[in-house]
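The next block holds one structure in the form of structure tokens; read it before the comments.
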Amino acid sequence: MGKAIKIFIFVIIISMFSITQAVYAKAKKAARNDSNTSQSSENRSIEIQQMQSEKRVALVMGNSTYKNIKPLKNPVNDAQAMARVLENLHFKVISGYNLTQKDMKKLISEFGDAIRDGGVGLFYFAGHGIQINGENYLIPIDADVHSEKDVDPEAVNANVVLNNMAYAKNRLNIVILDACRDNPFRGFRSAGGGGLAQMKAPEGTFIAYATSPGSVASDGDGKNGLYTQELIKNMEKPGLQIEQMFKGVRQSVEQISAKKQTPWESSSITGDFYFKIDSNIKTSEPSEESTPTTPPKQNDLNAEKVTWKTIENSTDPSDFKEFLSAFPNSSLAVAAKIKIKQLEKTQSPTQQTASIPQTYPNKPKSNDSTFRDPNTGMEFVFIKGGCYQMGDTVGGGEENEKPVHEVCLDDFYIGKYEVTIGEFRSFTNETGYKTEAESSDGCYYWTGSKLIKDKTRTWQGPGFEQGDRNPVSCVTWNDTQSYINWLRNKNGYKYRLPSEAEWEYVCRSGGRSEKYSGGNDVNSVAWYVVNSGGRSHQVGTKAPNGLGVYDMSGNLTELIQDWYDAAAYTKHTHNNPIYDSYSSTHGARGGGWINIPEYNRCSARFFSQPDYNYYNLGFRLVRIP
């Protein structure tokens, strides 16, 4: 995907008439570099992008089956669980289990070589550990230790790991030691209280211990040790700085252990690190003087406020769960969690899983061929579920369209057209909502040579003539979520953006091997660079596809529900996949009026940051029966 600071990256293809989807991020970054008035929020965004995409390498070790001392139940389980979580968090993981001293030293050397290219290095060890005269040692499974003098030649000094990290000179290193369990060396005079000694953290290093210096950690009664059990839970929470994350671990472990075990940390890091980056976080900005905390952007507060207003009286716990997912750092997060508990406690299991409240009028039956939203008049087409081969079945596509794989979908409804200006205006008129373009610095457009953000351009005037039946553009993914929450709470129907699998299934007329939505003649089914005249057109003025759905190969590129991953097709579930592993971008599908035909294909995949807008970018909805 190229250098990582370019999170939203589309390769620019310039012709007299067109710009490909790939121009978005590169040109966006160029526009920022050209400007001498770049704002601190943009700098923070770039820092987040760099952090998200920087190299991450982890070495994970777990020793359980000790030959000469007491074996342990959980270290291998813990290490394997940790390896899985770190892989999901974009670490390249080197791992080994039940290792001899020779094996441990070999992997540490391999790890040291791997982190020399910069980025973040992480070392995790679960198993027996001991301190001798203030030095910490990790115990291999073949260690034959009968006295203190045996420890150094038989074990692995933890400083070997720190020395490899120091030599690498990378930005940040993390050491996690869950290595002071059920101490078998209590009789050693120099072994302190049985636990590990606190090590001085070298510059740029964060060291975490399962328990406080000199204390012993619990191996746990279940599948995992207590410390690692809570650690992996907290690591996957988005938007937590490393210090916040480990504080959460400490609080959980103390509570569960009745303060018999207190995790400990030692740090010399000065920058920020997030195991799982959240789109709403703000990273620190280097400066010679300390600066006051930057308040939330007004458009973020606006979206949060409107979203809460639309769901505050909801009786569906999933509404509040989605609010927490969208605004994890909200001042209303506690209220949302309380609402979830109250609603889940008072509802029966049937009510908790019901897709649609039963009290709303005009509820369509699941086999109705069409449905019209009672508030906006938006038209939907019923899509009978089925299985199909998802991906580039025609040939000539990009690597991110592969592998072709079978996907099966349940029934759903999809918008017959893209959401229109008139349908979006119903929302803004009622709520007073301001889109991110309106509340910040406008919408992006293409000048012919680069991408520029123009504060005078918004969904109401993207730079060309439009009417109420034109598709709404210049909206962000965040804007779509506010619109969806409003609409759902108007009538109780379960609306959302389409998943990638649903979108492609419909685009290809129910999974047919079609290049464009409705066949192989792009001119008959799509507005694109050759026939659009440089603007969007009223919805439904080109031919529909085989399911009676319009414009999926162009009027606008359409935002979708899934987070984007170039390798998502290798991770899809077989049934109803929605890729929900966090990344910095959401998916987008379908070419638009500004694109060449290659980008109007049904299998073409793109991506967009949650706060990105463009005058060729819109959306359509699905409704779950």
**Report entry** Qualifying residue in segment 453-474 (condition: among the polar types (S, T, N, Q), in contact (Cβ under 8 Å) with a residue 40 or more places away in the chain and assigned to a helix (DSSP H, G or I))
**Finding:** no
Query raised in the report: So how many residues does segment 574-601 have that are more than 14 Å from Trp527 (Cα to Cα) and either surrounded by 24 or more Cβ atoms within 10 Å (Cβ to Cβ) or in contact with a strand residue (DSSP E or B) (Cβ under 7 Å, 6 or more places away or on another chain) (or both)?
Result: 15
Query raised in the report: Among Asp551, Asp562, Asp611, Asp580, which is acidic (Asp, Glu), in a loop (DSSP other than H, G, I, E, B) and closer than 21 Å to Glu436 by Cα?
Result: Asp611
Report task. With the condition kept exactly as written, say whether any residue in segment 441-450 is open to solvent by 10 Å² or more (accessible area, probe 1.4 Å), in contact with a Ser or Thr (Cβ under 8 Å, 6 or more places away or on another chain) and part of a strand (DSSP E or B). Result -> no
Query raised in the report: Inside segment 114-127, can you point out the residues that are modelled with pLDDT under 90 and not small (Gly, Ala, Ser)?
Result: Arg116, Asp117
Report task. Examine segment 494-514 for a residue that is in contact with a strand residue (DSSP E or B) (Cβ under 6 Å, 6 or more places away or on another chain), more than 30 Å from Val404 (Cα to Cα) and crowded, with 24+ Cβ neighbours inside 10 Å, and state whether such a residue exists. Result -> no
Requested in this report: Could you list all residues from segment 500-518 that are part of a strand (DSSP E or B) and more than 13 Å from Pro544 (Cβ to Cβ)?
Outcome: none
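Anything in segment 532-541 that is open to solvent by less than 40 Å² (accessible area, probe 1.4 Å) and farther than 17 Å from Ile596 by Cα? List them, or say none.
Residues satisfying the conditions are Val539, Gly540.
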Query raised in the report: Within segment 469-478, how many residues are modelled with pLDDT under 95 and either open to solvent by less than 10 Å² (accessible area, probe 1.4 Å) or touching a Lys or Arg at 6+ places or on another chain (Cβ under 8 Å) (or both)?
Result: 0
Query raised in the report: Restricting the search to segment 175-189, which residues are at pLDDT 90 or above and surrounded by fewer than 22 Cβ atoms within 10 Å (Cβ to Cβ)?
Result: none
**Report entry** Members of segment 116-168 that are open to solvent by 10 Å² or more (accessible area, probe 1.4 Å) and assigned to a strand (DSSP E or B)
**Finding:** Gln131, Ile132, Glu135, Tyr137, Asn157
Report task. Tell me, yes or no, whether segment 517-533 has at least one residue that is modelled with pLDDT of 95 or more and within 30 Å of the chain's Cα centre (by Cα). Result -> yes
Query - Residue satisfying condition, being modelled with pLDDT of 90 or more, over 18 Å from Arg56 (Cβ atoms) and not in a strand (DSSP E or B), within set Leu99, Leu86 - result: Leu99
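The values are calculated or read from the model by the stated rules, or taken from the named source; none is laboratory data. All figures in this text were calculated on a predicted structure; none of them were measured in a lab. For neighbour counting, all protein chains shown are included, and Cβ atoms are generated from backbone atoms with ideal geometry for every residue, glycine included. Remember, those area values only see protein heavy atoms, side chains included, never the ligands or the DNA or RNA. Shrake-Rupley method; radii C 1.70, N 1.55, O 1.52, S 1.80 Å.
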